[in-house]
Amino acid sequence: GSQVDLGCSAEGRPPPLLTWFRGPQVLREEPGAESLGLHLAQVSPQDSGLYTCVAENRHGRHNRSLELSVA
């Protein structure tokens, strides 16, 4: 029932597209943003899983993942 806030930031030229995924599902994306938060309200065991933030522009792609485990 608690909330979880995840953050992701990246810089690039051109500014990257930031995207949050849960598995293959896109949760949120923002072109040209330097940061992109993901707010999960009242998490439950169904929210457990692999969350990945991807920063991508024409020069490349970088990502970071975390495993959220809710008991």
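Given +1 on the Cβ of Lys and Arg, -1 on the Cβ of Asp and Glu, and no further charges, what dipole in debye does the chain carry about its Cα centre, rounded to the nearest 20?
On the way: 6 positive and 8 negative charges, 42 e Å.
Computed charge dipole of the chain: roughly 200 debye.
Which listed residue (Val4, Gly23, Ser44) has the Cα farthest towards the positive end of the charge dipole for region 2-64, taking +1 on Lys and Arg C-beta and -1 on Asp and Glu C-beta about the Cα centre?
Farthest towards the positive pole: Gly23.
Give the long-range amide H neighbours of Leu27: residues separated by 5 or more places, or on another chain, with amide H under 5 Å away, using H modelled in the peptide plane at 1.01 Å from N.
The answer is Trp20, Phe21, Arg22.
So, by mean Cβ neighbours within 10 angstrom, what's the order for 59-68, 5-14 with the highest one leading? Please report the intermediate quantities before stating the final value.
Working: 59-68: 10.8, 5-14: 13.2.
Order by mean packing, descending: 5-14, 59-68.
What are the ³J(HN,Hα) values, in whole Hz, obtained from phi via the Karplus relation 6.51 cos²θ - 1.76 cosθ + 1.60 with θ = phi - 60°, for each residue of region 63-71 in sequence order, with x given for Gly and Pro?
8, 9, 10, 9, 9, 9, 10, 10, 8
What's the extension gain from His39 to Leu68 if we count 0.36 nm per residue and subtract their Cα-Cα distance?
Details: separation 29, 0.36 × 29 = 10.44 nm, distance 1.30 nm.
Here the segment from His39 to Leu68 would lengthen by 9.1 nm.
Using θ = phi - 60° and the Karplus relation 6.51 cos²θ - 1.76 cosθ + 1.60, list the HN-Hα couplings for region 36-43 in order, rounded to whole Hz, with x at every Gly or Pro.
8, x, 10, 9, 10, 8, 6, 5
What percent do you get for the relative contact order of the chain when only Cα pairs under 8 Å and 6+ apart count? Spell out each step's value before the answer.
Working: 155 pairs, mean separation 24.0, N = 71.
Answer for the chain is 34 percent.
Would you mind checking the radius of gyration and Dmax of region 2-64 based on alpha-carbon positions, in Å?
12.3, 39
Since every read-out is calculated from the coordinates, none of them should be taken as a lab result. Source: prediction; values computed, not measured. Positions of Cβ are backbone-derived with ideal geometry, glycine not excepted, and every protein chain shown enters the neighbour counts.
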